[in-house]
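A.B. asks: Pasting a structure below so you can have a look.
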Amino acid sequence: MTDEAQPERSRTPATHQLTLRFSGTRRGARLARRLAVQQLTEWTGLPHDAEPARTVALVTAELASNAIRHGSVPGRDFRLTLILLPHGLRIEVTDTRPERLPPHPAAPPPPADATSGRGLLLVEAYADRWGCTAHDAYIKTVWAEVSPH
C-alpha cells in the first residue's frame with residue numbers, strides 16, 4: 001500500500017493516494033469496491049451510507065467489473081488507485097488490455113435490446129468526469145472523478 005501525493009497525475013496535487021492490486025475475479029471487484037468506500041470514509045470522515053460513498057461504490061464496481069470483463073488476461077490482476085483531491089476522489093482502474101478501449105463518452109448508447117454496454121453510462125451519470133488513458137502496449141487506465149458533494 002502506498003499513501004503518498006502524486007501531483008503529476010492531476011493539475012491539483014493529491015492529498016492522499018492508495019494503490020492496490022486485485023485478482024481479476026468477481027471477488028477482486030467486490031473487494032475493490034469495498035476498499036474504495038472504506039478509504040473514502042477514512043479520508044473524509046463521511047459515513048458509509050452517505051451519497052458520495054454510494055456513488056464511489058457504484059463507480060468503482062463498474063470500472064472494476066469492466067476491467068475483469070473486457071480488460072482481463074488470464075493470470076493478470078487489475079490495479080485500483082484512489083487519489084483524494086481537493087475537489088473529490090479520483091478512481092483509477094488499470095488493466096492489461098490497452099487494445100480494448102471503452103467507447104468515447106460522446107459515443108451513442110447501446111441498443112435498447114443489448115444485454116450489456118450500459119455500465120459506463122452509469123459512470124458518466126454519477127462521475128463529474130471520466131476517461132481512459134492507454135499508457136503503452138501493455139496497460140490502460142480507466143478513471144473517474146467523483147465530488148464529495
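What follows draws every value from the coordinates through simple rules; no lab data is involved. Just so it is clear, the model here is predicted, and its values are computed rather than measured. Counting neighbours? That spans all protein chains shown, and the Cβs are built from the backbone with ideal geometry, glycine included.
A.B. asks: When the chain is fully extended, how far beyond the present Cα-Cα distance does Thr133 get from Gln38, taking 0.36 nm per residue of separation?
C.D. replies: 31.6 nm
A.B. asks: With labels modelled as points extended 7 Å from the Cα through the Cβ direction, what inter-label distance (nm, one decimal) is found for Asp49 paired with Val73?
C.D. replies: It is 4.4 nm.
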